[in-house]
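A.B. asks: Please see the structure below; I have some questions.
The values are calculated or read from the model by the stated rules, or taken from the named source; none is laboratory data. Keep in mind it's a predicted model, so treat the numbers as computed, not measured. When we count neighbours, we look across all protein chains shown, and the Cβ atoms used for this are built from the backbone with ideal geometry, even at glycine.
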Amino acid sequence: MNIRRIIEMKGKEPITMITAYDYPSSRIASESGVDILLVGDSLGNVVLGYDSTVPVSMEEMLIHIKAVRRGAPEAFIVGDMPFLSYEISPEKAIENAGLMLKAGANSVKLEGGEEFAEIIRRIVSAGIPVMGHLGFTPQSINLLGGHRVQGKTAESRAKLLRDAKALEDAGCFSIVLELVTEEVAKEVTESVSIPTIGIGAGRYCDGQVLVFHDVVGLSQGEFKFVKKYADTYRIMLESVTQYKEDVKNRIFPSEKNIF
């Protein structure tokens, strides 16, 4: 997979993207044949136990990108630029984006619309592909006041359309639309020549992305826009509980487990 192929898929073949945060999840995701692996700053919530993505650092992102690359050497990997890694200045944004590529990412993703168009343009000019992110932007959760669906008002709709066009003009090769009404997500998708990838944005985006832990059932939360394909949490809990019981009852280790 490469940038050109991703852009060519718009309107022709749905793009599949899933998060991966470590060596085992990236191996599974890569072997499944998913088009794009996203090392999301959602690892803050899912893997590190933070309350939001805001505390995630560049150092943490780089560690996880390296692990994902080791597990999926041939995959197309997008790395999330964490909070305050690109907002301060174009120079800092380019430096941090470059560190992500050196760690193994093929491109970076950053949140925000037309207010970040110049920074995106500068990153792209440095030879670093950028995926945009509009709608609900988790790094701005304190400003947005929680997980709120975007596009419900005329003002919100107009801003999403302006932002999408600004990101396209700045050089983004695709845009994630998160928690956007289906009607507006469809309108945004039709208004730009680059692919849109939805998460909680309905059926008319050019692709879909979900969190690995949600898909396999490791997460305990229930979200309307998520489809859980397994209950891995229950399976793992039962396995560990059985191990504990076997040790307590001197069943493990057995004769076949010793040298």
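A.B. asks: Can you list residue pairs whose Cβ atoms sit under 9 Å apart, with the first residue in the range 1-30 being buried (at least 17 other Cβ atoms within 10 Å of the Cβ) and the second being in a loop (DSSP other than H, G, I, E, B) and aromatic (F, W, Y)? Count only pairs 6 or more apart in sequence or on different chains.
C.D. replies: Final answer for the pair search is I6/F173.
A.B. asks: Any idea how many residues of the range 177-197 are in contact with a Gly (Cβ under 7 Å, 6 or more places away or on another chain) and in a strand (DSSP E or B)?
C.D. replies: 4
A.B. asks: Out of E87, E91, report the one residue that is without any contact (Cβ under 8 Å) to a residue 60 or more places away in the chain, part of a helix (DSSP H, G or I), under 21 Å from G112 (Cβ atoms) and out of contact with any Ser or Thr (no Cβ under 8 Å at 6 or more places or on another chain). Outline the logic, then answer.
C.D. replies: On the way: E87 fails: part of a helix (DSSP H, G or I).
Within the list E87, E91, the selection yields E91.
A.B. asks: Out of the residues in the range 48-81 that are of a type in the set (A, V, I, L, M), closer than 24 Å to G112 by Cβ and in a loop (DSSP other than H, G, I, E, B), which is nearest to the chain's Cα centre (by Cα)?
C.D. replies: Here the residue is M81.
A.B. asks: Here are some conditions: (1) among the aliphatic types (A, V, I, L, M); (2) in a strand (DSSP E or B); (3) without any contact (Cβ under 8 Å) to a residue 40 or more places away in the chain. A158 meets all but one. Which one does it not meet?
C.D. replies: (2)
Listed here are the residues, each with its yes/no results for (1) in contact with a Ser or Thr (Cβ under 7 Å, 6 or more places away or on another chain); (2) modelled with pLDDT of 95 or more; (3) closer than 24 Å to I36 by Cβ.
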residue: R157; (1), (2), (3): no, yes, no
residue: L160; (1), (2), (3): no, yes, yes
residue: A164; (1), (2), (3): yes, yes, yes
residue: L179; (1), (2), (3): no, yes, yes
residue: T189; (1), (2), (3): yes, yes, yes
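A.B. asks: Quick one: is G132 under 15 Å from A170 (Cα atoms) and surrounded by 14 or more Cβ atoms within 10 Å (Cβ to Cβ)?
C.D. replies: On the way: under 15 Å from A170 (Cα atoms): yes; surrounded by 14 or more Cβ atoms within 10 Å (Cβ to Cβ): yes.
Yes: the conditions hold for G132.
A.B. asks: So if I check each of A67, A75, A29, which one is touching a Phe, Trp or Tyr at 6+ places or on another chain (Cβ under 9 Å), under 18 Å from M100 (Cα atoms) and modelled with pLDDT of 95 or more? Let's see the steps before the verdict.
C.D. replies: Numbers: A75 fails: touching a Phe, Trp or Tyr at 6+ places or on another chain (Cβ under 9 Å); A29 fails: under 18 Å from M100 (Cα atoms).
When all the criteria are applied, what remains is A67.
A.B. asks: Please work out which residue is farthest from E8 (Cα to Cα), limiting yourself to the range 170-206 and to residues that are small (G, A, S) and surrounded by 22 or more Cβ atoms within 10 Å (Cβ to Cβ).
C.D. replies: Our first condition is that a residue be small (G, A, S); within the range 170-206, this holds for 170-171, 174, 185, 191, 193, 198, 200-202.
Next cut, surrounded by 22 or more Cβ atoms within 10 Å (Cβ to Cβ) only: 174, 185, 198, 200-201.
Details: S174: 11, A185: 19, G198: 17, G200: 23, A201: 21 Å.
This residue is G200.
A.B. asks: If you scan the range 224-259, which residues turn out to be part of a helix (DSSP H, G or I) and charged (D, E, K, R)? Walk me through it before giving the result.
C.D. replies: Quick first cut of the range 224-259, residues part of a helix (DSSP H, G or I) only: 232-248, 255-257.
Residues satisfying the conditions are R234, E238, K244, E245, D246, K248, E255, K256.
A.B. asks: Now for a different question. For H147, all conditions in the list (1) under 18 Å from the mean Cα position of the chain (by Cα); (2) surrounded by fewer than 16 Cβ atoms within 10 Å (Cβ to Cβ); (3) not in a loop (DSSP other than H, G, I, E, B) hold save one; what is the number of the exception?
C.D. replies: Here H147 meets the rest and fails (3).
A.B. asks: Looking only at residues that are free of Cβ contacts under 8 Å to residues at least 40 places away in the same chain and among the acidic types (D, E) in the range 31-83, which one is surrounded by the most Cβ atoms within 10 Å (Cβ to Cβ)?
C.D. replies: Checking each candidate, the answer is E60.
A.B. asks: Out of (1) modelled with pLDDT under 95; (2) under 15 Å from F136 (Cα atoms); (3) crowded, with 18+ Cβ neighbours inside 10 Å, what's the single condition that is false for F223?
C.D. replies: Of the numbered conditions (1) modelled with pLDDT under 95; (2) under 15 Å from F136 (Cα atoms); (3) crowded, with 18+ Cβ neighbours inside 10 Å, the odd one out for F223 is (3).
A.B. asks: Among the residues of the range 164-171, is any part of a loop (DSSP other than H, G, I, E, B) and in the same structural domain as L38 (by TED's automatic domain parsing)? Please lay out each step first, then the result.
C.D. replies: Within the range 164-171, the first condition is being part of a loop (DSSP other than H, G, I, E, B), and the residues that meet it are 171.
Among the residues that remain, those that are also in the same structural domain as L38 (by TED's automatic domain parsing) are: 171.
Taking every residue of the range 164-171 in turn, at least one turns out to be part of a loop (DSSP other than H, G, I, E, B) and in the same structural domain as L38 (by TED's automatic domain parsing).
A.B. asks: With respect to A97, is the statement that it is under 26 Å from I15 (Cβ atoms), in contact with a strand residue (DSSP E or B) (Cβ under 6 Å, 6 or more places away or on another chain), in a loop (DSSP other than H, G, I, E, B) and among the hydrophobic types (A, V, I, L, M, F, W, C) true?
C.D. replies: Numbers: under 26 Å from I15 (Cβ atoms): yes; in contact with a strand residue (DSSP E or B) (Cβ under 6 Å, 6 or more places away or on another chain): yes; in a loop (DSSP other than H, G, I, E, B): no; among the hydrophobic types (A, V, I, L, M, F, W, C): yes.
No, not satisfied.
A.B. asks: Search the range 235-259 for residues that are over 24 Å from H213 (Cα atoms) and pair each with any residue that is of a type in the set (F, W, Y) and not in a helix (DSSP H, G or I) when their beta-carbon atoms are under 7 Å apart and the residues are at least 6 apart or on different chains.
C.D. replies: Within 7 Å, the pairs are D246/F252.
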